[in-house]
Amino acid sequence: MRVVVAGTFGPLHDGHRSLFEHALRFGTDGVVVAVTSDDLAVETRHEPRPIPPFDDRVTAVTAVIADIDEWDRDIEIRTLETEAGIAATEPAIDALVVSPETAPELEEINDQRRKRGLEPLSGIVAPYVYADDGERISSTRIVKGEIDEHGRLLE
């Protein structure tokens, strides 16, 4: 199965590591990691926050994946220019790794795939990873100085 996982991935945290682990576990035929372009990263934020530059995010993603890839998967890093991106257009993708927050987007992506004559994607839902306070780990919380990348409280 060829799997895609997409996101801004900046700053990286244990929730992202969970997404990568799921992609690697199921991506027997390879994993595509789609990292949002700088423009898309800013455009898709629910609330404004600093986002590391694209090249820095790709470097961090590459290092984390190399560290956790116990299966020695074929990894391809691509730039994500639109929200649906390659998940909606790439015929060679079989599954999309999503969080509970982004799982509903799979229906729209599969609608776009069907319109293009492509098979729908399977969804692989990676559960949320929680901080020490029981709230979900997020890049926004890290930037605000509430938690570190592992969910340890800083305040």
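Observations
- Failed criterion for residue 97 (all others in (1) part of a strand (DSSP E or B); (2) surrounded by fewer than 19 Cβ atoms within 10 Å (Cβ to Cβ) hold): (2)
- Number of positions in the stretch 136-155 that are touching a Leu at 6+ places or on another chain (Cβ under 7 Å) and either surrounded by 15 or more Cβ atoms within 10 Å (Cβ to Cβ) or farther than 19 Å from residue 8 by Cα (or both): 4
- Scanning the stretch 72-84 for residues that are part of a loop (DSSP other than H, G, I, E, B) and among the hydroxyl-bearing types (Ser, Thr, Tyr) gives a single hit, 82.
- Here is the figure for the stretch 100-116: residues that are part of a loop (DSSP other than H, G, I, E, B) and open to solvent by less than 70 Å² (accessible area, probe 1.4 Å) total 3.
- Residues in the stretch 40-71 that are open to solvent by less than 40 Å² (accessible area, probe 1.4 Å), touching a residue at least 24 places away in the same chain (Cβ under 8 Å) and assigned to a helix (DSSP H, G or I): 40, 41, 57, 60, 61, 64, 65, 68.
- Complete set of residues in the stretch 28-39 that are open to solvent by less than 80 Å² (accessible area, probe 1.4 Å) and free of Cβ contacts under 8 Å to residues at least 60 places away in the same chain: 30, 31, 33, 34, 35, 36, 37, 38
- Scanning the stretch 72-93 for residues that are buried (at least 16 other Cβ atoms within 10 Å of the Cβ) and touching a residue at least 60 places away in the same chain (Cβ under 8 Å) turns up 80, 85, 86, 87, 90, 93.
- None of 77, 51, 65, 93 is touching a helix residue (DSSP H, G or I) at 6+ places or on another chain (Cβ under 8 Å) and either among the hydroxyl-bearing types (Ser, Thr, Tyr) or modelled with pLDDT under 95 (or both) except 51.
For every residue, the table says whether it meets (1) modelled with pLDDT under 95; (2) over 27 Å from residue 49 (Cβ atoms).
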position	(1), (2)
98	no, no
101	yes, no
104	yes, no
110	no, yes
120	no, yes
129	no, no
135	no, no
140	yes, no
145	no, no
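- Within the stretch 117-135, considering residues that are touching a Gly at 6+ places or on another chain (Cβ under 7 Å) and closer than 12 Å to residue 15 by Cβ, the one surrounded by the most Cβ atoms within 10 Å (Cβ to Cβ): 131
The values are calculated or read from the model by the stated rules, or taken from the named source; none is laboratory data. On a predicted model such as this, the values are computed, not experimentally measured, just so you know. Reconstructed Cβ throughout: ideal geometry from the backbone, glycine too, with neighbour counts over all protein chains shown. Just the protein is used for accessible areas: all its heavy atoms, side chains included, with ligands, DNA and RNA removed. Shrake-Rupley method; radii C 1.70, N 1.55, O 1.52, S 1.80 Å.
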